[in-house]
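Got a structure here, written out as structure tokens. Questions coming.
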2 protein chains.
Amino acid sequence: MPSIAQIKHLASLRMSKYRQKYGQFVVEGRKQMEEVFHSGWEIEGIWGTPAFAERFSPAYNFEWMTEEENKKCSGFDTPPGIMALVRMPKMKELDLLEPFVLALDGISDPGNMGTIIRLADWYGLKQILASEDCVDVYNAKCLSATMGSFLRVEVVYSKLHPAAAGRRVYGAFLDGTSVHGLKLESPSMLIIGSESHGIRPEAESLVTEKITIPGKGHAESLNAGIATAILLDNLLR
Amino acid sequence: MPSIAQIKHLASLRMSKYRQKYGQFVVEGRKQMEEVFHSGWEIEGIWGTPAFAERFSPAYNFEWMTEEENKKCSGFDTPPGIMALVRMPKMKELDLLEPFVLALDGISDPGNMGTIIRLADWYGLKQILASEDCVDVYNAKCLSATMGSFLRVEVVYSKLHPAAAGRRVYGAFLDGTSVHGLKLESPSMLIIGSESHGIRPEAESLVTEKITIPGKGHAESLNAGIATAILLDNLLR
């Protein structure tokens, strides 16, 4: 059983500032747990509830935690019943030799961020460049939406402009050249903005090619995750 | 102020069976509210909290509702503070003359369902065919994810096979012909399955063309909303 201090510590890691302070984060849920267990990342503790153990009988060892304790420190309203304390890897720098960089400007929704990380993994990208005000990857909802892809795709938080130097920079707007049939030129960067604010002026000033996803109906916009999916499918084919 | 009976009634509409019974549903949130207000759909009541009114001063009239009352009948953990009671339109039949039908097999996640409705709207589809066990459109989370597109795209719940007759039927699988460069033949149907179960055997038996989204990385799959986005972008361009 976790001590009261441990519960408090795990609960504190729901906040980005404590994750940064301690260099740790919490992984929750069966699928994520299995992926992190096989990843080689440094796991400092695993706790599971009896209900979880009964339902899934996992292959890894863990300490017991009551439902109530789980609820106290989970990042979810309905906790999945299994959680691990994981050491955060050292943040690397962006690899500027990569011919293509996916860059995010002010993505604050954790679900969208997680979806984008998963998409980057699908399309074989190893890193994502994120403006410093993007949501923290180690947020519980974001981790969950990555479906384990956070283990393979590193998000580098930094200003966008240094990486734009010498690159053709594509930006997704509601008006622009259709992405259909567009030939990606190397080295390049694709900037995705949030649905509510779009690409903000500072990032827009980096854009050399405004591109768009042609639609025929009446929906006004697409969310950042969906837009990233369609753009990457077109640009990285 | 709503009466206790009204609060109970609004709360009951969180469940599909009561929505069906009364032919009503609840729309919540500022963006959805504005869209439904201008849609011509029959609105039978609007309630807003003082906090909502102070922040947004909407152009439509509404009755007051306390935060506590709002919480009691909202479909969200964090209620947006504005809700309307709306009459459900009569379900029409699927228009079999349409050259392209988007069909869903067992989509149970309301967020994915809402995303797919919004995508259908983006690509100009007027209807979606959904297997009878797909999640109900009038679920609060689903409505919210449509961002108002539920007003323009009708979901017809029915067996899939009658509409498949005489059509080329594309099905999204992890293996199959790449969707890149695929030329859509008319009349046709695209079947999307859920992420956890894929296209189930009964629906699979209708498929004449297995198609796939080519990836290069290590993510095992894509969720139903993301897959629909990429497939529609390719097939309906």
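Pick out, from B:Cys73, B:Met91, B:Ile116, the residue whose Cα sits farthest towards the positive end of the charge dipole of segment B:72-136, with +1 on the Cβ of Lys and Arg and -1 on the Cβ of Asp and Glu.
B:Cys73
What are the nm distances, shortest first, from B:Pro201 to its equivalents in the other copies, labels at 7 Å along Cα→Cβ?
6.2
Against the empirical 2.2 N^0.38 Å scaling, what ratio does the C-alpha Rg of segment B:62-133 come to?
1.48
Report, in deg cm²/dmol and to the nearest 500, the calculated mean residue ellipticity at 222 nm for the protein assembly as shown, where each DSSP H run with n ≥ 4 adds -39500 (n - 2.57) and the sum is divided by the residue count.
That calculation yields -8500 deg cm²/dmol at 222 nm.
Something else now. Under a point-charge model restricted to the Cβ atoms of Lys and Arg (+1) and Asp and Glu (-1), what is the dipole moment magnitude of the protein assembly as shown relative to its Cα centre, in debye to the nearest 20?
Using Cβ point charges on Lys, Arg, Asp and Glu, the protein assembly as shown gives about 140 debye.
Related question: So which trypsin sites (Lys or Arg not before Pro) in segment B:161-220 are both in a DSSP loop and have at most 13 other Cβ atoms within 10 Å of their Cβ?
Counting only loop positions with at most 13 other Cβ atoms within 10 Å, the trypsin sites (Lys or Arg not before Pro) in segment B:161-220 are B:Lys183, B:Lys216.
Continuing with this model, one more query. For A:113-126, what's the mean count of beta carbons from other chains sitting within 10 Å of each residue's beta carbon?
Numbers: counts 0, 0, 4, 0, 1, 7, 6, 2, 6, 12, 5, 5, 2, 1.
The per-residue average across the peptide is 4.
Once segment B:1-130 is represented by equal point scatterers at the alpha-carbon sites, with solvent omitted, what log10 I(q)/I(0) does the Debye formula produce at q = 0.10, 0.13, 0.14, 0.18 Å⁻¹?
Relative scattering, expressed as log10 I(q)/I(0), comes to -0.38, -0.63, -0.72, -1.09.
Now a separate question. How long are the semi-axes of the equivalent ellipsoid of segment B:189-237, taking √(5λ) for every eigenvalue λ of the Cα gyration tensor, in whole Å from largest down?
In descending order the semi-axes read 18, 15, 10 Å.
For B:Glu54, place a label point 7 Å out from Cα along the Cα→Cβ vector, do the same in each other copy, and report the separations in nm, one decimal, smallest first.
Its label point is 4.6 nm from the equivalent points in the other copies.
Given chain A reduced to its alpha-carbon atoms as identical point scatterers, what log10 I(q)/I(0) does the Debye formula return at q = 0.09, 0.15, 0.16, 0.17 Å⁻¹?
With one equal scatterer per Cα and no solvent, log10 I(q)/I(0) is -0.42, -0.97, -1.05, -1.14.
Listing A:His180, B:His9 from the residue with the fewest other Cβ atoms within 10 Å to the one with the most, what is the order? Spell out each step's value before the answer.
On the way: A:His180 14, B:His9 18.
Going from sparsest to densest Cβ surroundings: A:His180, B:His9.
Something else about it: Pull out a ≥ b ≥ c, the square roots of the eigenvalues of the alpha-carbon gyration tensor of segment B:123-163, then state rounded if a/c is under 1.5, prolate if not and a/b is larger than b/c, and oblate in the remaining case.
Oblate shape, in that a/c is at least 1.5 and b/c is the bigger or equal ratio.
I'd like the per residue volume of the convex hull spanned by the Cα atoms of segment A:1-70, given in cubic angstrom.
91 Å³
Which residue in A is nearest the A/B rotation axis when you measure from the C-beta atom, and what is the distance in Å?
That would be A:Ala229, 2.
Among B:Ser205, A:Ser194, rank each residue by its count of other Cβ atoms within 10 Å, from fewest to most, as a rough exposure measure.
By the 10 Å Cβ count, ascending, the order reads B:Ser205, A:Ser194.
Taking the convex hull of the Cα atoms, report for the protein assembly as shown its projected area averaged over all directions, in nm².
On the way: hull surface 95.3 nm².
The directionally averaged projection comes out at 23.8 nm².
Show which lysines lie in cross-link reach of B:Lys92 when reach means a straight Cα distance below 20 angstrom and same-chain residues fewer than eight apart are skipped.
Result set, ordered by chain and number: B:Lys17, B:Lys21, B:Lys126, B:Lys159.
Give me B:Asp133, B:Asp77 sorted ascending by neighbouring Cβ count inside 10 Å, so fewest comes first.
B:Asp77, B:Asp133
Also: Determine which aspartates and glutamates satisfy two conditions relative to A:Lys90: a Cα distance under 15 Å, and not lying fewer than 8 residues away in the same chain.
A:Lys90 reaches A:Glu42, A:Asp136, A:Glu154.
Still on this model: Could you give, in nm with one decimal, how far B:His180 is from each other copy of that position, shortest first, with labels 7 Å out from Cα toward Cβ?
1.8
What are the extents of the Cα atoms of segment B:95-225 along their three principal axes, in Å, largest first?
Reported extents, whole Å, longest axis first: 38, 36, 26.
Using a simple spin-label model with points 7 Å from Cα along the Cα→Cβ vector, what separation in nm is obtained for A:Ser186 and B:Glu63?
Simple spin-label model gives 6.5 nm for this pair.
Then there is this: What does the average come to when, for each residue of peptide B:223-229, you count the partner chain Cβ atoms lying within 10 Å of its Cβ?
Details: counts 6, 0, 5, 10, 1, 2, 10.
Averaged over the peptide's residues, the number is 5.
Rule-based calculations on the coordinates, nothing more; no lab input. These numbers were taken from a predicted model, which means no experiment stands behind them. Note: ideal-geometry Cβ built from the backbone for every residue, glycine included; neighbour counts use all protein chains shown.
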